[in-house]
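Asks: Here it is, the structure in full.
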Amino acid sequence: MSDVPKAGRREWAGLAVLALPTMLLSMDISVLYLALPSLGADLGAGSTQQLWIMDIYGFLLAGFLVTMGTLGDRIGRRKLLLIGAAAFGIASVAAAYSTSPEMLIVTRALLGVAGATLMPSTLALISNMFADAGQRGAAIAVWAMCMMAGGALGPVVGGVLLEQFWWGSVFLMGVPIMLLLLVTGPVLLPEFRDEEAGGLDLVSVVLSLAAVLPVIYGFKELAAEGLAGGALPWIAMVVGLVAGAVFLRRQGRIDNPILDVKLFHNRAFAAALGIMLFGGAALGGTFLLVSQYVQSVEGLSPAAAGWWLVPVGVSIAIGAMVSPAIAQKVRPGTTIAVGLALSVVGFIMLTQVDAGSGLGLLVPGIAVIYFGAGPAVALGVDLVVGSAPPEKAGSAASMSETSNHLGIAMGIAAFGSIGSAVYHSEVVVPESLRGEAAEAAGESVAGAVAAADGLAQGGAALLDSAREAFTSGMHMAAIVGAVLFGSLALLAAVALREAPPLGAAKKDDAESDAGGGAPQSVPAAARD
């Protein structure tokens, strides 16, 4: 029987404190979807400035995750968390009261960097606070639930706030949460750091940014412009891949790497990262098309569309929460594989949606997809963090988060391109529509909806054609998603077959700790 200590009330209360900023950080990525028009008008932001306001947060959040994860291992995860919380709160106030587009871009950038200190720190602290594998799985499921639910609830919360207040309110909602973290964190959260970690290699930091930022930029440009965006997105991704190769080579050679490449020798670690990367791509790309469908095909307002998509967040939250209990009896690989196979059913349901079927099939279909993905998110994160030594938990957590953000960017670009290609090939633009309006109608269903309003004749026919063409594109993307998730289910069943049920996962860890394993934390007196 394992001698690993069980978490008590303090640890579970600490989890509640960590869950709130996790949801907020995820929500902050999507909360601007509805606020962008009003803040753009108020600040006089042009289209390019609006894109930077939207994207700079996610760019720097993803770019700094690896650096901040390993920095927390070095200086202390609680210390970095509290520094990040203070910075996030200050930047939130500055963003809310920005007086120019440039000021808002800078404050959003600061929010991204601060957010990068928070995400891996929360996950790494959870892995240290919950040594028991079963409890840790449940705690990470709560964390994963908050992360995924936050992204889905962002547009809903943004819509509610904008109905009552001005655009800056979407930033101010983070201030009380960060204040709560600053007040309760020192009391409820222990401190952990790697006593044997060396200094931070600044060359590796630069290389990690050079690897992640151009790749995400390239995917986002392809998602926005498609193949017509020119060579720049492709050049950016090549630059990022080359920088990534140099980065990984350097990590294998220096004494104090910011990413321990030896972690990839663990098959469970590598397989779980791959599942989260490509699973995140399918989820992000599908959610993009579904959110466009409910607005442009069904004609819902952004706020109403947000409410209809609430089941997305609820379903993945339920899937994430129930999976640790199942994985205590059934191996995690099997649990993940069954969940992904269930998601395939959801993708098949989406292929049966048509432009006139309403939301009766679409919403259950996307809910089934996200419910089935819940075990991959919760147990995948647990496998990644649990595969790493405790002193490397921050680095492992940052890899998990980077994989998630990179996967979503890939999926939005790839699935958006699939949908656009099918749309372009099938939409019929009336000959009476010419100029920019005709070009916009041929590019997207949103452009067709706008163009149809100005047509005296043929507007209804254009709308029908555009909606049918977009729906066909969504069908093709759903087929790709079904194939991808089916392949990932097979990968989980094969590559993760040796991962033990959660209740037995860390029995050997307790024995190795008792035998004088690697240091996990600072002394107890310093922790408290």
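Asks: Using beta carbons and a limit of 7 Å, which pairs, at least six apart or on different chains, have the first residue in segment 58-79 and at positive phi and assigned by TED's automatic domain parsing to the domain that holds Ala91 and the second one acidic (Asp, Glu) and surrounded by fewer than 24 Cβ atoms within 10 Å (Cβ to Cβ)?
Replies: Cβ pairs passing all conditions: Gly76/Glu191.
Asks: Now for a separate question. Out of all the residues in segment 300-322, which are free of Cβ contacts under 8 Å to residues at least 40 places away in the same chain and outside any helix (DSSP H, G or I)?
Replies: Initially, segment 300-322 is screened for residues free of Cβ contacts under 8 Å to residues at least 40 places away in the same chain, giving 300-301, 304.
The answer is Leu300, Ser301.
Asks: Would you tally the residues in segment 9-43 being touching a helix residue (DSSP H, G or I) at 6+ places or on another chain (Cβ under 7 Å), at pLDDT 75 or above and not hydrophobic (A, V, I, L, M, F, W, C)?
Replies: 5
Asks: When you check Gly244 against the structure, is it of a type outside the set (Lys, Arg), surrounded by fewer than 18 Cβ atoms within 10 Å (Cβ to Cβ), in contact with a helix residue (DSSP H, G or I) (Cβ under 6 Å, 6 or more places away or on another chain) and not in a loop (DSSP other than H, G, I, E, B), yes or no?
Replies: Yes.
Asks: OK, next. Given (1) surrounded by 22 or more Cβ atoms within 10 Å (Cβ to Cβ); (2) aromatic (Phe, Trp, Tyr); (3) over 28 Å from Ser127 (Cα atoms), identify the lone condition not met by Phe64.
Replies: Every condition holds for Phe64 apart from (3).
Asks: With the requirement that a residue be outside any helix (DSSP H, G or I) and either in contact (Cβ under 8 Å) with a residue 12 or more places away in the chain or more than 22 Å from Ser100 (Cβ to Cβ) (or both), what does segment 155-179 give you?
Replies: Hits for segment 155-179 are Trp166, Trp167, Gly168, Met173.
Asks: Picking from Gly174, Gly134, Gly159, which residue would you name as being surrounded by fewer than 24 Cβ atoms within 10 Å (Cβ to Cβ), assigned by TED's automatic domain parsing to the domain that holds Leu20, more than 30 Å from Ser387 (Cβ to Cβ) and of a type outside the set (Val, Ile, Thr)?
Replies: Gly159
Asks: Name the single residue, out of those in segment 108-121 being in contact (Cβ under 8 Å) with a residue 60 or more places away in the chain and farther than 11 Å from Leu25 by Cα, that is nearest to the chain's Cα centre (by Cα). Give the derivation first.
Replies: Narrowing segment 108-121 to residues in contact (Cβ under 8 Å) with a residue 60 or more places away in the chain: 111, 115, 118-121.
Pick out the ones that are also farther than 11 Å from Leu25 by Cα and you get 120-121.
Details: Pro120: 13, Ser121: 16 Å.
Only one residue fits best here, namely Pro120.
Asks: Right, another one. Looking at Leu125, Leu104 in this structure, which one is within 19 Å of Glu401 (Cα to Cα) and at pLDDT 80 or above?
Replies: Just one listed residue meets the conditions, Leu125.
The values are calculated or read from the model by the stated rules, or taken from the named source; none is laboratory data. Keep in mind it's a predicted model, so treat the numbers as computed, not measured. Methodologically, a virtual Cβ is constructed for each residue, glycine included, from the backbone with ideal geometry; neighbour enumeration extends over all protein chains shown.
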